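Novice: One structure is given below, represented as structure tokens, and several questions about it will come after.
The values are calculated or read from the model by the stated rules, or taken from the named source; none is laboratory data. Values in this document were obtained by computation on a predicted structure and should not be read as measured data. Here the Cβ is made from the backbone with ideal geometry for all residues, glycine too, and neighbour counts use every protein chain on show.
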Amino acid sequence: MTIKHLKHYINGEFVDSYSGATFENVDPSTEEVISTVARGTAQEVDDAVLAARRAFEGSWAKFKPKERARLLFDLARAIEARADEFAKWEAMDSGKPLARARGEVMSTARYFEFYAGAADKFYGHSIPLGRDYLDFTLREPMGVTAHIVPWNFPMNMIGRSVAPALAMGNTAVLKPAEQTPVTATMLAELMDELGFPAGVYNVVQGFGEEAGAPLSQHRDIDCITFTGSVEVGRLIMRAAAVHIKPVVLELGGKSPHIVFGDTNLDTAVVEVAKGIFGNTGQVCSAGSRLIVEASVREQMVEKLAAHTNKMTVGPALDNPAMGPLVSREQYDRVCSYIGIGQGEGARVAAGGGRPAGLEKGFFIAPTIFDGVQPEMRIAQEEIFGPVLTVLSFQDDEEALAIANDSPYGLVAGIMTNDINRAMRLARDIKAGQIFINEYFAGGEETPFGGYKQSGFGREKGIDALYNYTQVKNIAIRIR
Ligand code: NAP
Ligand code: MG
């Protein structure tokens, strides 16, 4: 495999780290190095923020909203035209099965398309103060936006947060995750070719503490969007507090998937499996707690185990149902949780370790724990891997109580044919998004974000535009 060398993209130039420092990026399917990456520090962050500031006040400010829109539409089309190339690198970089990587690339294009469409349609208001006044609001861009993204949907997260920021007239500085640096730089290459002005989109590659921290602490950024762990989310909030910068935090979850006995169990099996094993369980909104009506629990677990045992697991480029975990660190973390579950007395109903025949790569078989109690660590803590915990309930009240018994509140799934029951639960579950009868229903158009420790602020859809604009009210006395 050819090795790609990834540089920072600062002020329209591809540059190495000023110290010359690099790090190696590994393909989790093979454990081989596929790229060397510039290792950024506060100095590169300073220059990226300065470039973004100049572009915000200069070249980008001269673009009319409809001109920004055209450029972002061009980008969407260009991403689609190169989808195969992006998908191949994303698959090698993250371990995502090829077809899923392609889906992620197409969804990234869709974010640029969706927000391109919004660039000239996000209006202010006029406010009635009586005949002697004219009062109206302007939606102004924030300025320089900072984006710190994780490794589970590397390219998609760029689309999700950078596209609305640019559409509203902001400029951006991005710090990709060290495990998945490739598509951020590839996207910069594309934007460079398409003629985005220098400094509109900047990438500083590197590690969280060396590049992410100085970005989040920078005095001259105007807001921060962070997706990742609760622990780092706290650090980001603290950093933002110093210069009073608004933050959007998306911090993961332990989302319930409630299945009632009145639903078609074969459909439920497909939805539950998709909800937890998609992207090898490395999804903030994964349906990691199956909460199933006691009368059908045994049947459901049997069907799920049979389904799961048929799933193919293998290298991303072979396009299996499930690829590896992203890194050795995540592999060790998930293995340790499987040990914890066994120690807590839960029963392994499927998987439980490395699949036979896969010696290299960070592979874990899709795993189901039955007989899980709500207080167990595997029912409370985010594992971030292909591990489903099965809990059961007798009535709606108990289902609701278990669903809400979590420090997180990102999403919830409900499978039932009873619309009143579904709506009662949808009303009472504390989560930012509810899926009824189809897990992950929704799209780039639907707002997404957490209650409780899952974070705050909403990404996706029109709601995200509020993160990247501020309101100015102008009142005129007519004399
Ligand atoms: P993480 O440390 O929170 O990383 C997310 C991003 O923050 C990465 O770009 C990371 O850079 C950066 N970062 C790390 N420390 C930072 C700091 N002090 N200041 C500024 N930025 C910093 O997440 P992780 O370690 O990759 O994964 C750990 C756990 O987080 C997972 O097991 C999972 O539970 C959760 N997680 C959640 C999501 C989600 O979608 N909500 C996504 C990924 C992970 P580096 O890559 O260099 O560390
Ligand atoms: Mg990688």
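Novice: Can you pull out the residues in the stretch 437-479 that are over 15 Å from Glu250 (Cβ atoms), in contact with a strand residue (DSSP E or B) (Cβ under 7 Å, 6 or more places away or on another chain) and of a type in the set (A, V, I, L, M, F, W, C)?
Specialist: Answer for the stretch 437-479, where residues must be over 15 Å from Glu250 (Cβ atoms), in contact with a strand residue (DSSP E or B) (Cβ under 7 Å, 6 or more places away or on another chain) and of a type in the set (A, V, I, L, M, F, W, C): Ala441, Val471, Ile474, Ala475, Ile476, Ile478.
Novice: Now for a different question. Do we have Thr180 as within 16 Å of ligand 1 (Cβ to nearest atom), assigned to a helix (DSSP H, G or I) and either closer than 22 Å to Leu6 by Cβ or among the hydroxyl-bearing types (Ser, Thr, Tyr) (or both) here?
Specialist: Considered against the rule, which asks whether it is within 16 Å of ligand 1 (Cβ to nearest atom), assigned to a helix (DSSP H, G or I) and either closer than 22 Å to Leu6 by Cβ or among the hydroxyl-bearing types (Ser, Thr, Tyr) (or both), Thr180 comes out as no.
Novice: Oh, and also: Any idea which residue in the stretch 320-357 is farthest from the chain's Cα centre (by Cα), counting only those that are more than 16 Å from ligand 2 (Cβ to nearest atom) and under 12 Å from Gly95 (Cβ atoms)?
Specialist: My answer is Pro320.
Novice: Cβ contacts < 6 Å: first residue under 13 Å from Glu24 (Cβ atoms), restricted to the stretch 171-182; second residue modelled with pLDDT of 95 or more and more than 10 Å from ligand 2 (Cβ to nearest atom), any location; separation 6+ or different chain. Result?
Specialist: These pairs meet every condition: Glu178/Phe207; Pro181/Leu6; Pro181/Gln205.
Novice: Let me ask something else. Within the stretch 369-411, can you find the residues that are in a strand (DSSP E or B) and acidic (Asp, Glu)?
Specialist: Listed by number, the list holds a single entry, Asp370.
Novice: For a quick check of your reading of the model, give me the residue pairs whose first member lies in the stretch 132-154 and is within 24 Å of Thr280 (Cα to Cα) and in contact (Cβ under 8 Å) with a residue 60 or more places away in the chain, whose second is basic (Lys, Arg) and more than 13 Å from ligand 2 (Cβ to nearest atom), with beta-carbon atoms closer than 6 Å and at least 6 apart or on different chains.
Specialist: Correct list of pairs: Ile148/Lys175.
Novice: Looking at Glu293, Glu271, can you tell me which residue is of a type in the set (Asp, Glu), buried (at least 18 other Cβ atoms within 10 Å of the Cβ) and within 25 Å of Glu250 (Cα to Cα)?
Specialist: Glu271
Novice: Take Lys245 and tell me if it is within 16 Å of ligand 2 (Cβ to nearest atom) and of a type in the set (D, E, K, R). Show your work before the answer.
Specialist: On the way: within 16 Å of ligand 2 (Cβ to nearest atom): no; of a type in the set (D, E, K, R): yes.
It is false that Lys245 is within 16 Å of ligand 2 (Cβ to nearest atom) and of a type in the set (D, E, K, R).
Novice: Would you point out the residue of the stretch 138-160, among those that are part of a helix (DSSP H, G or I) and more than 16 Å from ligand 2 (Cβ to nearest atom), that is farthest from Thr469 (Cα to Cα)?
Specialist: Gly159
Novice: Is the stretch 435-451 home to any residue that is within 29 Å of Ser327 (Cβ to Cβ), modelled with pLDDT of 95 or more and of a type in the set (D, E, K, R)?
Specialist: Yes, that holds for at least one residue.
Novice: If the requirement is being modelled with pLDDT of 95 or more, surrounded by 16 or more Cβ atoms within 10 Å (Cβ to Cβ), charged (D, E, K, R) and within 29 Å of Leu249 (Cα to Cα), which of these qualifies: Glu375, Glu382, Glu344, Glu398?
Specialist: Glu382
Novice: Something else: Only one of these is away from ligand 1 (no atom under 13 Å from the Cβ), surrounded by fewer than 24 Cβ atoms within 10 Å (Cβ to Cβ) and either aliphatic (A, V, I, L, M) or at pLDDT below 95 (or both): Met155, Met186, Met168. Name it.
Specialist: After applying the criteria, what remains is Met186.
Novice: Look through the stretch 430-479, keep the residues that are assigned to a helix (DSSP H, G or I) and touching a residue at least 40 places away in the same chain (Cβ under 8 Å), and return whichever of them is farthest from Pro141 (Cα to Cα).
Specialist: My answer is Ile462.
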